[in-house]
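> Take this structure, written in structure tokens, and hold onto it; I'll ask about it next.
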Amino acid sequence: MKLIDTIVYAGRVKDKENLLKSSSGGAFTALSDYFLDHGNAVVAAVYNYESHETEYRLLLTKTERDSAIGSKYMQSKLGDIFRKAYQWLMMHHNGQLLFIGMGCQADGFRIYAEKKGIRERVYIVDIVCHGSPSPKLWREYVESLEKKKGKITYLTFKDKRNGWKSPTAIVNAGGEEISIKDYVKVFYSQCSLRPSCHECPYASTTRKIDITIGDFWNIDKTIPDFYDPFGNSLFLIHTDQGEELFDSIKQNLEYRLSDVKQCWQYNLEAPTPVSHRRSAFWKDYQSKGIDFIMRKYGTESLKVKVKNKIRKLIGGVHK
């Protein structure tokens, strides 16, 4: 395995059903299908509806893998997954393993794999990351929601009913579909992210793992003839092993060679900056609790609502 000059692709799965189930262009599904179809293993994060935590698991079937599909706007727990991955490889001498995680987690697994002498048998993929919020915030948020509405049985942060560019965040609680856009707004407000995320060393197009995946934002402007309103993935290939893996899955993709200029997005150049409201946010949370901060930081002000309504009306006139 050796590092190469970064190769950039735009891509999406050809299977439209899988495209609609995915958060972006189905990169995770295409990559994991290749391993599972050959009797290998996948390590990825799965949401636990009992503990309301996102946990890393060893996945051996497509049914298990399907539980890991979709973006999760919360910190995921590694637990002892490195050890479990190593044990699986030791029990399956000809087996290979795909690890998919955030930049810090994926690089941690890379270092572990090199120390254990299994680097050539693992393919490591990381995801373009905005940052991880406090897991306590999410846990208190869903506990409050369940007290009001009932047990949560389904969660998605990126339902594509309105297309890939306008994802819908919902849960099913007590048999009712409920928007969680207030939590998403807090997530993107940059107030709730962990301090280390604002100093992330992985916010770059150059990495030591095999492939980076994510949404190919602004593709409708940079590669308009390749844009699909239902999802577009970014692939950054960093190693010869990553290039080999992409070559193995590309028959299941629509794809286009690109470059780092076309795929530019903020978190491929720098970590998410600290919000000027961060200190106030945490003081409000500590003194007034989760429901208060969701009302204060998770809803649009009247001024913003009026501006958005005017913008939509003007857009309607031009149409």
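> Pick from region 73-120 the residues that are out of contact with any helix residue (DSSP H, G or I) (no Cβ under 6 Å at 6 or more places or on another chain) and basic (Lys, Arg): which of them is surrounded by the fewest Cβ atoms within 10 Å (Cβ to Cβ)?
Lys115
> Among the residues of region 4-22, count how many are in contact with a Lys or Arg (Cβ under 7 Å, 6 or more places away or on another chain) and open to solvent by 20 Å² or more (accessible area, probe 1.4 Å).
Qualifying residue count for the region: 2.
> In addition: For a quick check of your reading of the model, give me the residue pairs whose first member lies in region 286-297 and is at negative phi, whose second is of a type in the set (S, T, N, Q) and open to solvent by less than 60 Å² (accessible area, probe 1.4 Å), with beta-carbon atoms closer than 9 Å and at least 6 apart or on different chains.
Ile290/Ser144; Asp291/Ser144; Ile293/Ser192; Met294/Ser144; Tyr297/Ser189; Tyr297/Ser192
> Another one. Condition first: more than 15 Å from Gln75 (Cβ to Cβ), crowded, with 16+ Cβ neighbours inside 10 Å and modelled with pLDDT of 95 or more. Can you find one or more residues in region 131-146 that meet it?
yes
> Mind telling me which of the residues Gln265, Gln286 ends up being loosely packed, with under 10 Cβ neighbours inside 10 Å, modelled with pLDDT of 95 or more and out of contact with any strand residue (DSSP E or B) (no Cβ under 6 Å at 6 or more places or on another chain)?
Numbers: Gln265 fails: loosely packed, with under 10 Cβ neighbours inside 10 Å.
Step by step, each of Gln265, Gln286 is checked, and only Gln286 is loosely packed, with under 10 Cβ neighbours inside 10 Å, modelled with pLDDT of 95 or more and out of contact with any strand residue (DSSP E or B) (no Cβ under 6 Å at 6 or more places or on another chain).
> Now for a different question. Considering each residue of region 202-218, count those that are touching a residue at least 60 places away in the same chain (Cβ under 8 Å) and either open to solvent by 30 Å² or more (accessible area, probe 1.4 Å) or in a loop (DSSP other than H, G, I, E, B) (or both), and give that number.
Residues in region 202-218 being touching a residue at least 60 places away in the same chain (Cβ under 8 Å) and either open to solvent by 30 Å² or more (accessible area, probe 1.4 Å) or in a loop (DSSP other than H, G, I, E, B) (or both): 10 in total.
> Only one of (1) assigned to a loop (DSSP other than H, G, I, E, B); (2) open to solvent by 40 Å² or more (accessible area, probe 1.4 Å) is not met by Ser196, so which one is it?
The number of the failed condition is (1).
> Determine the pairs where a residue that is under 22 Å from Cys129 (Cα atoms), located within region 65-87, has a partner that is part of a helix (DSSP H, G or I) and basic (Lys, Arg) with Cβ atoms under 9 Å apart, the partner being 6 or more residues away or on another chain.
Short answer, once both residue conditions are applied: Asp66/Lys21; Ile69/Lys21; Gly70/Lys21; Met74/Arg139; Phe82/Lys116.
> Would you mind telling me which numbered condition in (1) out of contact with any Lys or Arg (no Cβ under 8 Å at 6 or more places or on another chain); (2) open to solvent by less than 20 Å² (accessible area, probe 1.4 Å); (3) over 22 Å from Leu236 (Cα atoms) Phe35 fails?
The single condition Phe35 does not satisfy is (3).
> Quick check on my filter: what residues within region 86-134 are over 24 Å from Ser233 (Cβ atoms) and either of a type in the set (Gly, Ala, Ser) or under 20 Å from the mean Cα position of the chain (by Cα) (or both)? Explain how you work it out, then say what you get.
Let us first name the residues in region 86-134 that are over 24 Å from Ser233 (Cβ atoms), namely 86-95, 111-121, 134.
Residues satisfying the conditions are Gly95, Ala113, Gly117, Ser134.
> What's the total number of residues in region 148-158 that are assigned to a strand (DSSP E or B) and surrounded by fewer than 17 Cβ atoms within 10 Å (Cβ to Cβ)?
We begin by selecting, within region 148-158, every residue assigned to a strand (DSSP E or B); these are 152-158.
Narrowing the set further to residues that are surrounded by fewer than 17 Cβ atoms within 10 Å (Cβ to Cβ) leaves 153-154.
So the count comes out to 2.
> Lys181 - would you say it is farther than 28 Å from Asp66 by Cβ, surrounded by fewer than 20 Cβ atoms within 10 Å (Cβ to Cβ) and not hydroxyl-bearing (Ser, Thr, Tyr)? Explain how you work it out, then say what you get.
Numbers: farther than 28 Å from Asp66 by Cβ: no; surrounded by fewer than 20 Cβ atoms within 10 Å (Cβ to Cβ): yes; not hydroxyl-bearing (Ser, Thr, Tyr): yes.
In short, no.
> Given the residues Leu245, Leu236, which is the only one that is within 27 Å of Ile69 (Cα to Cα), in contact (Cβ under 8 Å) with a residue 12 or more places away in the chain and assigned to a strand (DSSP E or B)? Show your work before the answer.
Values: Leu245 fails: assigned to a strand (DSSP E or B).
Checking each option against the conditions leaves just Leu236.
> Let me ask you something else. May I ask you to verify whether Tyr297 is open to solvent by 60 Å² or more (accessible area, probe 1.4 Å), modelled with pLDDT of 95 or more, hydroxyl-bearing (Ser, Thr, Tyr) and under 24 Å from the mean Cα position of the chain (by Cα)?
So Tyr297 does not fit the description; no.
The values are calculated or read from the model by the stated rules, or taken from the named source; none is laboratory data. Here the structure is a predicted model, which is why all the values come from computation and not from measurement. Neighbour counts are summed over all protein chains in view; Cβ atoms, including those assigned to glycine, are modelled from backbone coordinates with ideal geometry. SASA here: full protein model, heavy atoms, side chains in, ligands and nucleic acids out. Shrake-Rupley method; radii C 1.70, N 1.55, O 1.52, S 1.80 Å.
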